[in-house]
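The values are calculated or read from the model by the stated rules, or taken from the named source; none is laboratory data. This is a predicted model, so every value here is computed, not measured. A quick note on method: Cβ atoms are made from the backbone with ideal geometry, for glycine too, and the neighbour counts reach across all protein chains shown. With ligands, DNA and RNA removed, areas are computed over all heavy atoms of the protein, side chains included. Shrake-Rupley method; radii C 1.70, N 1.55, O 1.52, S 1.80 Å.
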Amino acid sequence: MNLIASMRYLVALNEHRHFGRAAQACYITQPALSNALRALEEEFGTAIVKRGRAFVGFTPEGERVLASAQRILREQEMLQQELDSAAGRPQGRLSIGAVPAAMPVAARFATLLQACHPGIRPVLRSMSSPEIEIGIESLSLDIGLGYIDRIDQRQARMDALPQYTEHYFLLRRAAQPARDRLRIAEPTTWMQAAQQALCLLTPEMHYRTIVDSALAMAGAQVQPAIETNCILSLAVTVLDGDLQGILPGALVSAVSGYRELEAAPLVGPDLRTPIGFMVPAGGRPSRTLQAALEFSRDPQWIRHAAAHSGPLVPLPQPAQ
């Protein structure tokens, strides 16, 4: 039995919560995955997986084996990176999770990081805030981009690196298309936004919680015309229909090439939300994670992130 491979299958099963999808992610057949897990149970002399017609979960002993497997695989990945990396040239995989509202910025980060360090292979996933937090705590994620104010709320054992401040816009079709790109319109109030036919995210999304809070502070109640758990769908419904959407600056920037659209900054209240990277507290970072952390602190990157996520107005250039 290949112990490392079996532990990798166990971690994949925990991530996907489905035997078939876990096997597919590991590029093996489902029977091969099941046989490897049974061999792992024989090796440790205890049941690890609760078996039923579908995946049910792990036994208490299985949870302990899973936690050890996550630590072992993390150490194995770090050792492999150390062996493969020359000085200043990190090599290896970097797992990045980002909340949907921050995905455009996370994609820019991954692209620029990989251009700076060609040996790094970023793997970028769109994830909910709880999924990111669980991923970081379980070591299945290297780094997450999301709502860092949740760290104090949950008393999570994570460190935060602030990146930018999220601003909010009412996205709508323009009365007349602009000359070359989306136009930033005059500010509008949250109360005025609430009176439009809106497409909003579904209630379980943290971004929707933020939007609902702002609408409540404005004294507004909203019955959305459409709800979706895909933030890109908000922009598409505005582009192809008569709806309007409340979007973060990062996504407005991502659709700025559509000159048929305009985005009005939302005021009253002037809501601002800090977005940042989250990493495990106190742990020794891998070579790829260390490179990512250093890149995330680079002033040029911070200016780039702000230009594509905040108020969406040109930023003053630093003095030469």
- request: Kindly establish whether residue 113 is over 24 Å from residue 212 (Cα atoms), among the aliphatic types (A, V, I, L, M) and not assigned by the TED database to the domain that holds residue 64.
  value: yes
statement: Checking 296, 286 in turn, the sole residue that is touching a strand residue (DSSP E or B) at 6+ places or on another chain (Cβ under 9 Å), open to solvent by less than 20 Å² (accessible area, probe 1.4 Å), modelled with pLDDT of 95 or more and among the hydroxyl-bearing types (Ser, Thr, Tyr) turns out to be 296
task: Quick one: which residue in 165, 202 is among the hydroxyl-bearing types (Ser, Thr, Tyr), in contact (Cβ under 8 Å) with a residue 24 or more places away in the chain and either under 16 Å from residue 261 (Cβ atoms) or surrounded by 15 or more Cβ atoms within 10 Å (Cβ to Cβ) (or both)?
output: 165
- prompt: Looking at 291, 220, which one is outside any loop (DSSP other than H, G, I, E, B) and either aliphatic (A, V, I, L, M) or touching a Leu at 6+ places or on another chain (Cβ under 8 Å) (or both)?
  reply: 291
field: Among the residues listed as 76, 24, 70, 81, the single one being open to solvent by 50 Å² or more (accessible area, probe 1.4 Å) and touching a residue at least 12 places away in the same chain (Cβ under 8 Å)
entry: 76
message: Need a quick list: helices (runs of 4 or more DSSP H) entirely within segment 1-105 having at least 3 residues that are closer than 18 Å to residue 125 by Cβ and out of contact with any Phe, Trp or Tyr (no Cβ under 8 Å at 6 or more places or on another chain).
response: 3-16, 19-25, 60-84
